[in-house]
Amino acid sequence: MNLPAFTFRLPAWVDVFLNHQPAVYSTIEDRMRLVVDLARKNIANESGGPFGAAVFDASGTLITPGVNLVITANCSVLHAEITAMVMAQKILGRYDISDGGRMNFELVSSSEPCAMCFGAIPWSGVRRLVCGARAEDAEAVGFDEGPKPADWVRALTDRGIEVTRDVLRSEAVSVLKDYAAGGGLIYNAGQPLVP
Ligand SMILES: [Zn+2]
């Protein structure tokens, strides 16, 4: 067998966009505004689904952005949160970005995590999660959030991960609605086999 290597890159427009953005985002709203902008630009550039995320350090300095790349990379796991966490791990050179609990990194996401991203967050070493749109907002336009525990916020906080919800929720929801209204592909896979 000649098995392929797997790599991914964030789209070229991300670099161009960030050249015009600050390096430090002091408020939680500033950080959310960035990831909502990333989600919107991901649609405009046709590079993936309507989701953006980013990892920041405790001072609000951007470590890395992330955008959904599922369709363009043909990879079901490349949700915005995953691309941001994986990129942060690559940049920082460790799989546990908290470095054994010594470092306090924050993941900001334009939507609440799906079942997969919920599972990946504790393994990444992220200490704080900030969300814009709620899961039901993503579901309202047709996205499947998967089998997540009903009390997923408690499940994360029990592991020492602080969760903040509804930051600029209406702005985040408007990106989802615009994507659906524009005929964007709602790419849920994993459906039962057609008989
Ligand atoms: Zn996800």
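The values are calculated or read from the model by the stated rules, or taken from the named source; none is laboratory data. Fair warning: this is a prediction, and the values are worked out from it, not measured in the lab. Cβ atoms come from the backbone with ideal geometry, glycine included; neighbour counts cover every protein chain shown. Accessible surface is based on the protein model in full, side chains and every heavy atom, while ligands, DNA and RNA are left aside. Shrake-Rupley method; radii C 1.70, N 1.55, O 1.52, S 1.80 Å.
Suppose the chain between ILE71 and PHE6 were pulled fully straight at 0.36 nm per residue; how much longer would it get relative to their current alpha carbon spacing?
Working: separation 65, 0.36 × 65 = 23.40 nm, distance 1.51 nm.
Computed gain between ILE71 and PHE6 is 21.9 nm.
At 1.4 Å probe size, with no ligands or nucleic acids counted, give the accessible surface of ILE43 in Å², nearest ten.
Rounded to the nearest 10, the figure is 50 Å².
For labels at ASN188 and ALA23 in the simple 7 Å Cα→Cβ model, what's the distance in nm?
4.4
Answer with one residue from ALA84, GLY60, ASN104: the one whose Cα lies farthest towards the positive end of the charge dipole of region 5-108, charges on Cβ with Lys, Arg +1 and Asp, Glu -1.
Value computed over the given set: ALA84.
From the phi angles alone, apply the Karplus equation (6.51, -1.76, 1.60; θ = phi - 60°) to region 139-153 and give each ³J(HN,Hα) in whole Hz, x where the residue is Gly or Pro.
5, 5, 9, x, 6, 8, 8, x, x, 9, x, 4, 9, 5, 5
What does the helix-only formula give at 222 nm for the chain: each DSSP H stretch with n ≥ 4 adding -39500 (n - 2.57), the total divided by the residues, and the result rounded to the nearest 500 deg cm²/dmol? Mind dumping the intermediate values first?
Working: 8 runs with 76 residues, N = 195.
The per-residue figure over the chain is -11000 deg cm²/dmol.
Looking at the chain, which longest stretch skips every one of the trypsin sites (Lys or Arg not before Pro) that is in a DSSP loop with at most 11 other Cβ atoms within 10 Å, leaving the sites themselves out?
Working: sites that count: ARG9, ARG102, ARG159.
After excluding every exposed loop site, the longest remaining stretch is 10-101.
When the Kirkwood radius is taken over all Cα pairs of the chain, what Stokes-Einstein diffusion coefficient follows at 10 °C and 1.306 mPa s, in µm²/s? Intermediate values should be presented prior to the final figure.
Details: Rh = 16.8 Å.
So the translational diffusion coefficient is about 95 µm²/s.
Largest first, what is the accessible-area ranking of VAL86, VAL175 with a 1.4 Å probe?
Values: VAL86 60, VAL175 0 Å².
Per-residue accessible area, sorted high to low, gives VAL86, VAL175.
Please give the Cα centre distance for region 89-106 versus region 7-32, rounded to the nearest Å.
Value for the Cα centre distance between the two parts: 19 Å.
Sequence neighbours fewer than 8 away in the same chain don't count; with that in mind, list the lysines whose C-alpha is under 19 Å from LYS177.
LYS41
Tell me, which longest segment in the chain has none of the chymotrypsin sites (Phe, Trp or Tyr not before Pro) that fall in DSSP loops with at most 15 further Cβ atoms within 10 Å? Could you put the intermediate results ahead of the total?
Values: sites that count: PHE6, PHE8, TYR95, TYR187.
The longest such stretch corresponds to 96-186.
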